[in-house]
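Notes for the one structure printed next.
Where a number appears in this text, it was derived from the coordinates with a stated rule and is not lab data. Please read these numbers as outputs of a predicted model, since none were measured by experiment. Here the Cβ positions follow ideal geometry from the backbone for every residue, glycine too, while neighbour counts run over all protein chains shown.
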Amino acid sequence: MEPVTMHDAHSPSPSWLPPESPLPMPVQDLRNGRLSSRRLPTSPSGIAWRRAGVMGMAVAMTLFATYQIWWVLRGDGISMLEGVLLALFVALFAWIALSFSSALAGFALLLSKRPYPLGIDEGHRPSLTTRTALLVPTYNEDPQRVLAGVQAMHESLVDTGQSACFDFFILSDTTDEDVRRKEAVAVHALRHRLGPDARVFYRRREKNTERKAGNIADWVRRFGGAYPHLLILDADSLMSGETLVRLSAAMEREPTLALIQTLPMIVNGRTFFARMQQFAGRVYGPVAAHGIAWWHGAEGNYWGHNAMIRTAAFARHAGLPRLGGGKPFEGAVLSHDFVEAALLRRGGWAVHMVPGMGGSFEEGPPSLIDMLVRDRRWCQGNLQHGAVLPARGLHWISRMHLMVGIGHYATAPMWAMLMLVGLAIPLQQAGFHLSQPQLDGFTPALYWRGGDPERFLWVFYLTMAVLLAPKVMGCIATMLDAPLRRQCGGALRIAGSALLETMMAALMAPVTMYVQSRGVAEVLAGRDSGWETQRRDDGSVPLAGLVRRYAGLSVFGAFSGVLAYLVSPALAAWMAPVVMGMVLSVPLNLLTASPSLGDRLRRAGWLRTPEEAAPPTILARALELRTPFVEAPSPTASGTIPAAEGL
């Protein structure tokens, strides 16, 4: 390990850091710029045909479904409400049709068992000639938990024999004074345990300017010149030494490659909700990820962590500007990863996803509330991309990534509007009035089937099939892989777990739709989401807190159910799935946040994943290291632990 200068505890000079190697990272101009015409050798041959096939299928399916709905509506001419319904249906069906056609490509790719792209394979371990910095941004996180992952990765790299090519940087943006002190002590203890050959450095910023993106940019500008590659990890991320070595080797081998995004598997779920998420990610996720990797090619996307990046390309092209345009667009770029990927591609660099690589992990939120709190921040960041879309020189696939991110949140209020309009039209035609609400035998299904019953039913069946098909394809692909099938508990448990996950997701959908729709409204009104530390294990929420959050939704759901019943018991039955989801929002949150129920399901073999059945070595080691450490000798007055100032 190179000598690292230590300073007195009261000195403003950096401590526990290597010599600085500055690298300029200019702020990019979104109003000016042009797409580089440089040839990218890693772009798959026939990529245009791949994209034409996926998008052409989605367009053809949407046109077919649109024609069927238009035929049902056309009877007496299309009213304004019917026109709104048709527009909403077209947009939402196109959304799920693109997901279907992309997943179909991924399904075929999984079944074909093609080799990894970019020359990555599981055979001979490559030898590295360059250095990679592993960056661990942290913000008010439990230091012991974060550093347990760092130690597990360090040990995994030692096992590869190439740990000398990797340096760890703990990049703290912590604002809590108590956590700051614990961080310094924990880093000191980690360095003591790993010994003199360990390369683990610690830097804390006094102000967390521009949040995570600013944290990374600060490192690039101070130390980036010494490292050809960097890899960004979240506080809950883990990557095996084998995977890190193979990613670094791919960057050395492909000089036009700027970023390789892996598909992290969600692990360590304890609650019912967390285990649902990790099952869905493990069984459905690969189909979706292989599909988008197949037709995105060298114009892939970036998810902000567990991705290898070429430092020089990142420094030259990914410096983020502050956005203008008024709220909610102005300010620092929050969802920076999508924008960084787009700017890298604009600069003539390839961005790839390699979803088939193992050894990449992350943890999911322990409860629905935790997911929705995180989702609120993502909502603000993704809607902010509306100010990035007009940027000059972006590749059209990069613009599509940005639009998909925006659409992920715009679809929530659109689904809500579609349901409301689909209910309002039949009520209007039936002569509904609040002074005389009763309509014997009324149900919207009868109205919509009245014009052309067979056509209406086929459109409904088609929509449900397109919506659920990616899950079915994920289950089939898992079942056809014999080792994977056994690790997930067998075909019956996979099918049963998928059914359980789908039913619970459907019950929680009204809550998610409500919160996301409210989030969109708040963002458009200029309300900031803040930046809260995420909970990692405990999903429990006090009943009083749940009631405060969801009492209004529960009351609205109950009122809607009663009103529907007064109109017609058949209408109440038709609305039951949505009403139940709203009324049961509090008990659903309590139920799914339960670790004891999650543990019972685990023991019964439901929602099982391979990482749970046979944990990889690095996961088992990280969990073992989360137990209380034996601390190193206390820091001395000579300044073993760095002061917060100036780091």
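Table for the structure above
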item	result
Among G326, G381, G269 - extreme Cα towards positive end, dipole of the stretch 132-406, charges at beta-carbon	G326
Pairs of Cα atoms farther than 24 Å apart, the stretch 132-406, %	50
Ellipticity estimate at 222 nm from DSSP helix runs (n ≥ 4, -39,500 (n - 2.57)) divided over the chain, nearest 500	-18500 deg cm²/dmol
Cα-Cα separations in the chain greater than 32 Å, expressed as whole percent	53
Total lysine pairs under 27 Å (Cα atoms) in the chain, excluding pairs fewer than 8 apart on one chain	5
Dipole-positive endmost among M464, N215, N140 within the chain (Cβ charges, Cα centre)	M464
The stretch 45-92-the stretch 130-200 distance, computed between alpha-carbon centres (Å)	51
The stretch 170-244: C-alpha gyration tensor shape, a/c 1.5 cut-off, then a/b vs b/c	oblate
Long-range amide H partners of F166 with built H, under 5 Å	T132
Least to most buried among K113, K182 (fewest other Cβ within 10 Å first)	K113, K182
Scattering curve values for the stretch 409-621, log₁₀ I(q)/I(0), Debye with Cα scatterers, q = 0.11, 0.12, 0.18 Å⁻¹	-0.76, -0.89, -1.39
Shape category assigned to the stretch 534-607 from the gyration tensor of Cα positions, a/c cut at 1.5	oblate
Cβ-based exposure ranking for D121, D236, in which fewest neighbours within 10 Å come first	D121, D236
The chain: angle of helix 543-567 to the longest principal axis, Cα-based, in degrees nearest 10	20
